[in-house]
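The values are calculated or read from the model by the stated rules, or taken from the named source; none is laboratory data. Everything numeric in this text was worked out from a predicted model, so none of it was measured. All Cβ positions, even for glycine, are placed from backbone atoms using ideal geometry, and neighbour counts span all protein chains on display.
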Amino acid sequence: MQNTSQSLHDISQNPRNASILISVNGKNLPREKAMVSVFDSGFILGDGVWEGLRLVNGGVPFLYQHIERLYEGAKAIFMDIGLTPNELVKRLFDCIDANAMHDGVHIRLMVTRGVKSTPYQDPRVTISPATIVIIPEYKQPSADQMTRGLSLHTVNVRRGAPDVQDQKLNSHSKLNCITACIQAANAGADEALMLDPLGFVATCNSTHFFIVRRGQVWTSSGQYCIPGITRSVIIRLCTELSIPVFERQFSLYDVYGADEAFVTGTFAGATPVRIIDGRPVRHPMSTEEWVGAGPITMRLSEAYKKLAKAEATRSL
């Protein structure tokens with residue numbers, strides 16, 4: 001059977017990306033020369049933190065929240081980024097400006113603990129400052145995602161308890177999410193829906209998950225997912241638009257009976273979900289198939305786009 005699933009990042013490759021400059025420890029290098037050591041902590045162990053950002057009208061929406069999360073994650077793993085937040089932001093925009101970029105750009109900002117003297121996990125064998133890489137690419141969400149919607153598949157890979165690996169940490173170590181992604185793709189779905197250790201809905205493998213039930217917006221308690229920037233903005237917008245919103249525990253039973261569902265992330269904003277575990281997303285009393293993004297999803301998606309433009313900035 002043909003697998004028709006697609007990632008949120010399934011896009012037509014922009015030819016301009018072949019000639020982009022990538023910042024590696026403050027040097028803007030051509031794509032083919034942008035390299036890190038095989039002894040780097042990120043390569044050897046996935047030891048580091050990262051952020052995904054978007055460039056909108058020359059600025060980055062919610063920049064302060066992204067940088068704050070990056071430094072909070074670095075502090076949690078006792079890693080010194082080696083730059084002040086303002087110095088890091090300057091380096092970010094130095095790279096953007098060197099590429100003469102203004103809009104329609106997705107940025108991956110990565111910080112690892114640095115180069116090691118030998119392949120070993122102990123941070124005390126690190127012999128260099130932190131490695132900082134900034135990759136800006138021309139990348140836009142697929143134009144048909146709002147009309148096509150996503151398919152989700154619930155996987156058996158759980159979002160673990162914080163005493164194993166705290167899921168709030170946006171680390172380079174993403175193997176559980178990768179395994180979940182593989183399971184979902186093998187099932188013909190676009191994204192994996194992941195449960196927490198108690199069996200309640202937690203998040204997706206690369207996005208945050210919301211449902212709409214009888215005019216109310218629900219999302220998980222947030223205890224088993226990274227503190228999503230877009231997630232928090234959607235919750236804020238619900239309050240501003242007088243849409244009841246709840247962070248709570250809920251089960252797949254609640255999901256299957258939802259009127260609408262959508263996922264959120266920095267790359268694509270709010271994206272509707274079409275089908276979950278073979279069940280069309282629609283009111284349980286309806287016999288219609290999914291006919292497109294629901295009214296609350298559309299309202300929040302448009303409000304998010306407007307706010308992202310308004311809050312795009314180049315400084316903290």
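Taken together, the residues in the range 288-313 that are in contact (Cβ under 8 Å) with a residue 40 or more places away in the chain and either among the β-branched types (V, I, T) or loosely packed, with under 15 Cβ neighbours inside 10 Å (or both) amount to 5. Within this structure, D254 fails the test of being touching a strand residue (DSSP E or B) at 6+ places or on another chain (Cβ under 6 Å) and of a type in the set (D, E).
If you take the residues in the range 160-187 that are in a loop (DSSP other than H, G, I, E, B) and of a type in the set (A, V, I, L, M), which one is farthest from the chain's Cα centre (by Cα)? If we take residues in the range 160-187 being in a loop (DSSP other than H, G, I, E, B) and of a type in the set (A, V, I, L, M), then A187 is farthest from the chain's Cα centre (by Cα).
Checking each residue in the range 268-287 for being surrounded by fewer than 19 Cβ atoms within 10 Å (Cβ to Cβ) and under 23 Å from E302 (Cβ atoms) picks out only H283. Restricting attention to the range 129-143, the residues that are more than 17 Å from T84 (Cα to Cα) and either without any contact (Cβ under 8 Å) to a residue 60 or more places away in the chain or part of a strand (DSSP E or B) (or both) add up to 5.
Residue by residue, here is whether (1) over 30 Å from L88 (Cα atoms); (2) among the β-branched types (V, I, T); (3) in contact (Cβ under 8 Å) with a residue 24 or more places away in the chain holds:
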{"site": "S221", "(1), (2), (3)": "yes, no, yes"}
{"site": "S232", "(1), (2), (3)": "no, no, yes"}
{"site": "I235", "(1), (2), (3)": "no, yes, no"}
{"site": "V255", "(1), (2), (3)": "yes, yes, yes"}
{"site": "V281", "(1), (2), (3)": "yes, yes, yes"}
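Here is the figure for the range 145-199: residues that are surrounded by fewer than 14 Cβ atoms within 10 Å (Cβ to Cβ) and among the charged types (D, E, K, R) total 1.
Conditions tested, residue by residue: (1) over 30 Å from S173 (Cβ atoms); (2) out of contact with any Phe, Trp or Tyr (no Cβ under 8 Å at 6 or more places or on another chain); (3) of a type outside the set (A, V, I, L, M).
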{"residue": "P244", "(1), (2), (3)": "yes, yes, yes"}
{"residue": "Y253", "(1), (2), (3)": "yes, yes, yes"}
{"residue": "A261", "(1), (2), (3)": "no, no, no"}
{"residue": "A268", "(1), (2), (3)": "no, yes, no"}
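Yes or no, residue by residue, for (1) out of contact with any helix residue (DSSP H, G or I) (no Cβ under 8 Å at 6 or more places or on another chain); (2) under 28 Å from Y71 (Cβ atoms); (3) free of Cβ contacts under 8 Å to residues at least 12 places away in the same chain:
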| position | (1), (2), (3) |
| --- | --- |
| Q145 | yes, no, no |
| V164 | yes, yes, yes |
| A180 | yes, yes, no |
| Q183 | yes, no, no |
| A192 | no, no, no |
| D196 | yes, yes, no |
| A202 | yes, yes, no |
| V217 | no, no, no |
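Name the one entry in E137, E240 that is at pLDDT 95 or above, acidic (D, E) and within 18 Å of the chain's Cα centre (by Cα). Outline the logic, then answer.
On the way: E240 fails: within 18 Å of the chain's Cα centre (by Cα).
Matching residue, one of E137, E240: E137.
Within the range 263-300, restricting attention to residues that are under 24 Å from the mean Cα position of the chain (by Cα) and basic (K, R), the residue that is nearest to L193 (Cα to Cα) is R274.
Residues that are surrounded by 15 or more Cβ atoms within 10 Å (Cβ to Cβ) and either hydrophobic (A, V, I, L, M, F, W, C) or not in a strand (DSSP E or B) (or both) within the range 105-124 comprise V105, I107, L109, M110, V111, R113, G114, V115, P123, listed in sequence order. Is it the case that the range 215-235 has a residue that's of a type in the set (S, T, N, Q), in contact with a strand residue (DSSP E or B) (Cβ under 6 Å, 6 or more places away or on another chain) and surrounded by fewer than 22 Cβ atoms within 10 Å (Cβ to Cβ)? The answer is yes, given that some residue of the range 215-235 is of a type in the set (S, T, N, Q), in contact with a strand residue (DSSP E or B) (Cβ under 6 Å, 6 or more places away or on another chain) and surrounded by fewer than 22 Cβ atoms within 10 Å (Cβ to Cβ). Summed over the range 146-169, residues that are at pLDDT below 95, within 30 Å of R299 (Cβ to Cβ) and of a type in the set (S, T, N, Q) total 2.
From the list L53, L70, L88, which residue is over 19 Å from Q165 (Cβ atoms) and touching a strand residue (DSSP E or B) at 6+ places or on another chain (Cβ under 7 Å)?
That would be L53, the only listed residue that is over 19 Å from Q165 (Cβ atoms) and touching a strand residue (DSSP E or B) at 6+ places or on another chain (Cβ under 7 Å).
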